[in-house]
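Bear in mind that the values in this text are calculations on the coordinates, not laboratory data. Quick caveat: nothing in here was measured; it's all calculated off a predicted structure. Note that we place each Cβ from the backbone using ideal geometry, even for glycine, and neighbour counts take in every protein chain shown.
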Amino acid sequence: MKYWLTILSCAVLFFVACNNSSNEYIAAENGLDAGREFIASSNQGDFSKAGFYMIQDPSNIGLLADAEKNYRALDKEGRQILRQASINIKSVTEPTDSTVLLTYGISGDTATKNLWMIKQKGNWLVDFKKTFK
């Protein structure tokens, strides 16, 4: 009897663990949150989470895949530097009530970057392709 109880307990724990996957992310409340989550996730190498905060169209998906490829091509030290980098927000502008432009840099990099967030169907998402226009 104890044998079956142990097996049943293990099976329940396994299914609970599978259902509480890390893919259940919290939607961004505003454009700034979406941008910060996207940048932080990308720097951490969590491109699944970064993709959650991004508009899902072929251009964006391709650009995120390229960013992941570039991240994976870094040596261990390069990835560690990105994981430890701070996000330095330079400005946040709202051209419209459904568009936010985030100008930022990351510690250790002198480049200033722009990131666009757009509110679609009530969700704030990154439009990654617009960054490269």
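Figures for the structure shown
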| quantity | calculated |
| --- | --- |
| Neighbours by Cβ (under 8 Å, 6+ apart or cross-chain): first from region 88-100, under 19 Å from Met54 (Cβ atoms); second surrounded by 11 or more Cβ atoms within 10 Å (Cβ to Cβ) and aromatic (Phe, Trp, Tyr) | Ile89/Tyr104; Thr99/Trp116; Val100/Trp116; Val100/Trp124 |
| Region 20-46: number of residues that are in a loop (DSSP other than H, G, I, E, B) and within 9 Å of the chain's Cα centre (by Cα) | 2 |
| Unmet criterion (only one of (1) within 22 Å of Trp124 (Cβ to Cβ); (2) in contact with a Ser or Thr (Cβ under 6 Å, 6 or more places away or on another chain)) for Ser107 | (1) |
| Number of the exception - Ile87 against (1) surrounded by 12 or more Cβ atoms within 10 Å (Cβ to Cβ); (2) under 16 Å from Thr131 (Cα atoms); (3) not hydroxyl-bearing (Ser, Thr, Tyr) | (2) |
| Residues that are of a type outside the set (A, V, I, L, M), surrounded by 18 or more Cβ atoms within 10 Å (Cβ to Cβ) and assigned to a loop (DSSP other than H, G, I, E, B), drawn from region 47-76 | Tyr53 |
